[in-house]
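A short write-up of the structure that comes next.
A short reminder: the numbers here are calculations on the coordinates, not readings from a lab. Being a predicted model, the structure only gives us computed values, none of them experimental. Cβ sites come from the backbone with ideal geometry, for glycine too, and all protein chains shown count toward neighbours.
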């Protein structure tokens, strides 16, 4: 027993010694060695918030394929499974591993100041994708790549306005329920805000709002309870495709029909993201309008990194381009903030061409 | 003589006898819930006949929801009861193995493409493969419990941790979607039949289990092993094998439940599918009045227990309790039930009862 | 005498295996992924992130040594975080009040669960299952949506860093960064030391082992078995309350999904650390290394850039399986 303790003691001491000397003196040597090996490539650490939806998977896939080894990158990926603590842990790990760039798809907006400061102190540029971060000092991150969620919401509302006007359905006869995304996510905030404003401006009847947490199961449950509470729902505003699937299921289970003809008792589904499965439902007429939320952030992030590598200063905010798809062709384009956005009529061919 | 004696039973004795019956607990709970709903809102019992989007006639209403969604739980309760009886422990990996079995079904149906236009294999083949896989995982648990003598809860903790990862790995972390309408029949409605299919599947599983228990010695042996392992060994049984077998049977139940689960969605979400179902399944067994330490069991009571839980869940939903807050209410019910059925409390009540009757006599 | 010595070695064998495996793993990580793991801060980060788990696992070990189980600890952690967060942000609370809330929640769970298990003789698994359900449900009832706490006093406390002299390292810019741990780690280490002493040198500690080993003979020896069981559950839940606060200090937010599965991680850590679910065998030092092994594996998996978070589950399960089989073999040998 005593021998054992002695042995353990020795191991502990060895380890501490390795850690100590490893930390203080030889690090420079190691760093020096690193510099001599040029083929190592640019190391990019990506902290993804989870894999909750098809959109997220496409987003991850875009990053992975952009920062591949063939293109001279070393890509470290961490899936935080919806926990901010995991993301903070991952970023700290990236800092300790001395990656060249950190890409962060944050799960919530707040609570990033400390860890981003650490990254800044270590001289590692942080690029935020998708959702925004809310930090006291905007210099803590280098750039942000993502979608203009408020604009997405506005597009959807404008389309609904144009469509119902075309069909001459009075505004007070439009009864909307909103299945929100995860509360606090940028997409939820933007899309909800646009709907609320439009409902107020146009006089729509916004019956209820509840979070479906971006998942099919939760949305089905929420929609089920909405249907039991209100019998006059004719528009469902789903803040992502997975929620739309859940809502469609709940509506069909309740013996009602989904579709664009709200005058004939159908319930109209509006959705965001335009994933492959979501667009398939548009093609089948189940989802009336699907606003694209482009997940292919990889190339944008790569161009920012390239700018930084050559010593340039990238734009602080980079929006990705986004389309909108409808079952119906009666509304061909809408205008938001003075810009004209075309509504794409979805066909098999359009669907086949898409990569996600 | 006997009939005379039976006639002479006083009301209190009858009540006492009823109390001692195992099936009393779930029935009492069910009655309680039923009466509560009747008073609170009789529309709970309304069943409407309608046409769903596929154009098939369906019955809908809260009672149908209970029959529908209670089915997976009832199926699992069958296997869980056997495992509990034989091993004196519970399998906490059923939710994770449902994810595995569900993933296998989708994998076989989809082949390498996650969005197939046509099924790559007949559904029955996919189901059978899933059965085999689930039974292998059941066997893995069984070996650890029966031959390595690891406590069931701990042994199944392994698959509980790894199961969902394995499930995701089987499909390369993709989320396949089956578009074939036939596949959705298992978790929905078969055209022309207005009662949800899961109920029929559950009924079939229960029937098979009941027949197996009636015509084989499985039930007897299981109880013997659960009550006293060494004496059953002395009587020529092989306790290890019986335990092993109970886990394999649970594996089969898991595969059936998985078929229903993935059919409901025509897809899968590895981290959410059948989440916490293991807790509900164990609860069903406990509600059925079965001793969680093993031994005697009553399958009917467990199945009743499963539907009681679904009844409770649906009732709570009806009163707009959020799904995340649901467990708190369930917990209160569970504690209430286990407290009144605990031997200490029962003895105490019996003592009080006899004291009162003695006083009455004096 | 001879026999006693042999059994001692068996229990210690489990502990030794755990410790050796941990060091091998860490050295392996240094060899293969040198860069990050060479820095002591990586190790301290593991401690920072898992201080709460360490406290929960200690409590779990005590209950397991006494022959019970408590799967409510994760739920209690979430409930404590949420209650403290709501108290601090919506009711302008102070940190001391939050600590009191955490302890009160832990105590309440401990008293109820302990009473049900020890005096009403209900299975600990069912009691704590209900406890878990209740805690998780209550968390959402208290507040549905997750939020970060903005209370200044608390945020200041959360950001306190205890510098470990001489263990710092140079960062990418060549600047020297001090190594640090959070307050939670200090609390966790204190808990480990106190519990180690309690289990090793006090009557109560020996009672825990005796009741877990064989409650019948413990009763014969004049030990108050019920009281001992009650105390073990009380201790575990109280530690869950403390662990909950430490967790809260680490994440600084309240959310219903907090500490999801923490109970299973705590059980796994205890088992890896050589505690047996059958009771009577276990060691807090083992638990300490159990937690370290578990979290190091997670760290290795994510540092290796193994792209699926799923790998964590699989590696932990594999490790758990390995340890369980070793335990089982050791026990079988002991019986012979």
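Just a few scattered comments:
- When each of the peptides C:132-144, C:186-198 is scored by how many other beta carbons lie within 10 Å of its residues on average, the order from highest to lowest is C:132-144, C:186-198.
- The spread of Cα positions in segment B:291-362, taken along each principal axis and listed from longest to shortest, comes to 54, 31, 18 Å.
- Projected onto its three principal axes, the C-alpha set of chain A covers 83, 54, 39 Å, listed from the longest axis down.
- Cα gyration tensor category, rounded, prolate or oblate, for segment C:34-110 with a/c compared to 1.5: oblate
- In terms of its C-alpha gyration tensor, chain B comes out oblate, because a/c is 1.5 or above while a/b does not outweigh b/c.
- Shielding by other protein chains, C:171-177, mean Cβ within 10 Å: 6
- Global geometry of segment C:26-72, whether rounded, prolate or oblate, following the gyration tensor of its Cα atoms and the 1.5 cut on a/c: prolate
- Spatial extent of segment A:63-214: Rg and Dmax, with the Cα atoms as the point set, Å: 19.8, 62
- Packing rank of C:81-90, C:148-157, where each peptide gets the mean count of other beta carbons within 10 Å, highest leading: C:81-90, C:148-157
- Based on C-alpha pairs under 8 angstrom that are at least 6 apart in sequence, segment A:41-141 has a relative contact order of 30 percent.
- Rg/Rg_ref, segment B:118-255, where Rg_ref = 2.2 N^0.38 Å and atoms are Cα: 1.29
- Chain A: calculated mean residue ellipticity at 222 nm from DSSP helix runs of at least 4, using -39500 (n - 2.57): -14000 deg cm²/dmol
- Structural descriptor for chain C: relative contact order 34 percent, calculated from alpha carbon pairs under 8 angstrom and at least 6 residues apart.
- 222 nm mean residue ellipticity, helices alone, for chain C (DSSP H n ≥ 4; -39,500 (n - 2.57); rounded to 500): -25500 deg cm²/dmol
- Mean Cβ neighbour count within 10 Å, used as a protection proxy, ranking A:165-176, B:310-321, C:257-268 highest first: C:257-268, B:310-321, A:165-176
- Principal-axis tilt of helix B:277-287 within chain B, Cα atoms, nearest 10 degrees: 20
- Mean-position separation - Cα centroids, segment C:224-262 and segment A:232-257, in angstrom: 40
- Taking every DSSP beta bridge that has both ends in segment A:282-356, the antiparallel portion is near 80%.
- Per residue, the convex hull spanned by the alpha carbons of segment A:41-141 comes to 83 Å³.
- Cβ-based exposure ranking for C:201, B:169, A:112, A:204, in which fewest neighbours within 10 Å come first: C:201, B:169, A:204, A:112
- Averaged over B:166-173, number of beta-carbon atoms from partner chains that fall within 10 Å: 3
- Chain A, relative contact order [Cα under 8 Å, separation at least 6], %: 14
- For the peptide A:45-52, the mean number of other protein chain Cβ atoms found within 10 angstrom of a residue's Cβ is 3.
- Only Cα sites of segment C:131-202 enter the Debye sum here, all with the same form factor; the resulting log10 I(q)/I(0) across q = 0.20 1/Å is -0.98, listed in q order.
- Once the Kirkwood radius over Cα pairs is known for the protein assembly as shown, the Stokes-Einstein relation at 10 °C and 1.306 mPa s delivers a diffusion coefficient of 52 µm²/s.
- Arranged from fewest to most other beta-carbon atoms within 10 Å of their beta carbon, C:122, C:164 become C:164, C:122.
- Spatial offset of segment C:78-124 relative to segment A:274-333 amounts to 46 Å, using the alpha carbon center of each.
- The angle between the Cα long axis of helix B:197-215 and the main principal axis of chain B comes to about 60°, on a 0 to 90 degree scale.
- Fraction of antiparallel bridges per DSSP, segment A:200-356 only, in percent to nearest 5: 40
- Packing-based exposure ordering (other Cβ within 10 Å, fewest first) of B:359, A:120: B:359, A:120
- Directionally averaged projected area (convex hull, Cα atoms, chain C), nm²: 18.8
- Here the sum of -39500 (n - 2.57) over DSSP H runs of 4 or more residues, divided by the residues of chain B, equals -23000 deg cm²/dmol at 222 nm, to the nearest 500.
- Volume of the convex hull of segment A:150-298 (Cα atoms only), normalised per residue: 101 Å³.
- Degrees between helix B:239-265 axis and first principal axis of chain B (Cα, 0 to 90, nearest 10): 60
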